[in-house]
Amino acid sequence: MSETDQIRHGAPNARDAVRALRPSQIREVANAGFGVADVLPFWFGESDRVTPKFIRDAASEALAAGATFYTHNLGIAPLREALAGYVSALHGQTSPEQVAVTSAGVNALMLAAQLVVGAGDRVVAVTPLWPNLVEIPKILGAGVQTVSLEYGRQGWTLDVERLLAALTPDTRLLMLNSPNNPTGWVMTRDEQRAVLEHCRRHGIWIVADEVYERLYYGGTHTDGGGTPRSAPSFLDLGGRDERVICVNSFSKTWLMTGWRLGWIVAPSVLMDDLSKLVEYNTSCAPAFVQQAGVVAVKEGERFAAELAASLRASRDHLVSALAQIPGIDVKAPPGAMYLFFSLPGAEHSLDLCKALVREVGLGLAPGSAFGSEGEGFVRWCYACDPARLDQGVERLRRFLARR
Ligand SMILES: Cc1ncc(COP(=O)(O)O)c(C=O)c1O
């Protein structure tokens, strides 16, 4: 059979770029736990708490009032306006024309990549990293080079010079996620400035995934009473008319993972093209979800602050409990909702996590799920009741004692 015949008449396979995508190793671990009666699932990036009632009520009311129709591709005007106000308060003047509503952060990342990346383009990503940022450009036929954070006494840090060296003039896009999933690393203002200046010089696009910006526990970016409201953002630095696309989500700040609502802040000149991409991807986010989003943004400030405070307490609680176990090297990172730490056996983190779930019902994510740079570590999402964290620590202790 000729090659053409093979393609036409062989197995009905997906495109090579799709077949080459990495399957989720977190799913692999979860599958290993099927049949285990009592699993404590700390493996997904999700709180165990339901979305706040005032937001759920807003969605119910919108549904009851008949908000069941298509909306504008870029979102309903009240939500774009509310988001522009929210972003302006956090990061400086932003107009509704620079905001687009998306079907959550994942869709925002895909749209941002579709806007600027094509087949054969060179993309750089800082790792360890939640896999979507690395895999999405590959779906579009781009090649992705990774630059690894480094782990040392200060926890995870970035060697900016090494990143700048990788950002060659033929690079199309830099994919960045800060606060970072899985490490909790947060890019400093100075690092952002250096990267932005370099990218400006070479015309390189930046897609900044800032979905964890409100889950920030340190630094000097303060509001009034000294409580940081947000991690440093690229939106604090530049105008809104350059090659920077910021991706955000309702999932983490207001515990709305299942709602699938997010947004993009980008130059207004991109919006007509972005609108076409939304049309051909999802057409719009659901109308009643968008209406609830308006309430989350306008009335959810106290909730967001309380959530960050409680996550910070959970982080500290888990760090002190884990630090007492011999062989565990754990540090409190400045952002997000994960601990990414090393422990005996983690040099084969996938096998270790499968054994943990099978033998003691402890569900952690293997570091290798976040790129080869993550091998040697495991990720623990601490967005849950401290009593469950204690139960998890006890299981880990039991597991390690047996080995
Ligand atoms: C770094 C990062 N970006 C984006 C997302 C997307 O979240 P969502 O699609 O729920 O908005 C996640 C979810 O875990 C994430 O960890």
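Between LEU115, PRO128, ALA77, whose Cα lies farthest towards the positive end of the dipole of the chain when Lys and Arg beta carbons carry +1 and Asp and Glu beta carbons carry -1, centred on the Cα centre?
PRO128
What dipole magnitude, in Debye to the nearest 20, does the chain give about its Cα centre under +1 on Lys/Arg Cβ and -1 on Asp/Glu Cβ?
Numbers: 39 positive and 43 negative charges, 131 e Å.
Here the size comes out at about 620 debye.
By per-residue mean of other Cβ atoms within 10 Å, what is the highest-first order of 319-332, 10-23?
The peptides rank, most packed first, as 319-332, 10-23.
Taking θ as phi - 60°, what are the ³J(HN,Hα) couplings along region 9-26 by the Karplus curve (6.51, -1.76, 1.60), each to the nearest whole Hz, with x for Gly and Pro?
Running phi through 6.51 cos²θ - 1.76 cosθ + 1.60 with θ = phi - 60° gives 10, x, 4, x, 8, 6, 4, 4, 4, 6, 5, 7, 5, 6, x, 6, 6, 5 Hz.
Kindly work out what percent of the DSSP beta bridges joining two residues of the chain are antiparallel, to the nearest 5.
DSSP beta bridges in the chain are roughly 50 percent antiparallel.
Quick query: amide H of THR127 versus all other amide H atoms, modeled in the peptide plane; which residues come in under 5 Å with a sequence gap of 5 or more or a different chain?
Sorted by chain and number, the residues that satisfy this are VAL147, SER148, LEU149.
Note down the nm distance, to one decimal, between modelled labels 7 Å out along Cα→Cβ at SER372 and at ALA64.
5.7
What length, rounded to one decimal in nm, is gained on full extension from LEU21 through to HIS9, with 0.36 nm per residue of separation minus their alpha-carbon distance?
Extra length available between LEU21 and HIS9 comes to 2.0 nm.
If amide H atoms are built 1.01 Å from N in the plane of the peptide, which residues on other chains or at least 5 residues away come under 5 Å of the amide H of ILE206?
So ILE206 has HN proximity to LEU174, VAL244, ILE245.
Hey, if you put +1 on the Cβ of every Lys and Arg and -1 on every Asp and Glu Cβ in region 225-271, which of TRP263, THR253, PRO228 ends up farthest toward the positive end of that dipole?
It is THR253, whose Cα lies furthest towards the positive end.
³J(HN,Hα) across region 183-190 via Karplus (A = 6.51, B = -1.76, C = 1.60, θ = phi - 60°), whole Hz, x for Gly/Pro?
Result, ordered by residue: 7, x, 4, 10, 5, 7, 4, 5 Hz.
Taking θ = phi - 60°, what integer Hz values does the Karplus form 6.51 cos²θ - 1.76 cosθ + 1.60 yield along region 98-115, in sequence order, with x for Gly and Pro?
9, 10, 10, 7, 10, 8, 6, x, 4, 5, 4, 5, 5, 5, 4, 5, 4, 5
Quick one: P(r) of the chain from all Cα-Cα pairs, 20 Å bins, percents rounded to integers, in order of increasing distance.
Going out from 0 Å in 20 Å bins, the chain shows 27, 57, 16, 0 percent.
So, by mean Cβ neighbours within 10 angstrom, what's the order for 245-253, 28-36 with the highest one leading?
245-253, 28-36
Can you tell me, using C-alpha contacts under 8 Å and at least 6 residues apart, the relative contact order of the chain as a whole percent?
Worked out over the chain, it gives 24 percent.
Modelled label-to-label distance, ARG398 and HIS72, 7 Å Cα→beta-carbon offset: nm?
Placing both labels 7 Å beyond Cα along the Cβ direction yields 5.6 nm.
If you count, for each residue, the other Cβ atoms within 10 Å and average over each peptide, how do 74-87, 160-173 line up from highest to lowest?
Order by mean packing, descending: 74-87, 160-173.
Each value in this text was obtained by applying a stated rule to the coordinates, not by laboratory testing. Worth saying up front: this structure is predicted, and the values here are computed from it rather than measured. Ideal geometry is used to build each Cβ from the backbone, glycine not excepted, and the neighbour counts take in all protein chains shown.
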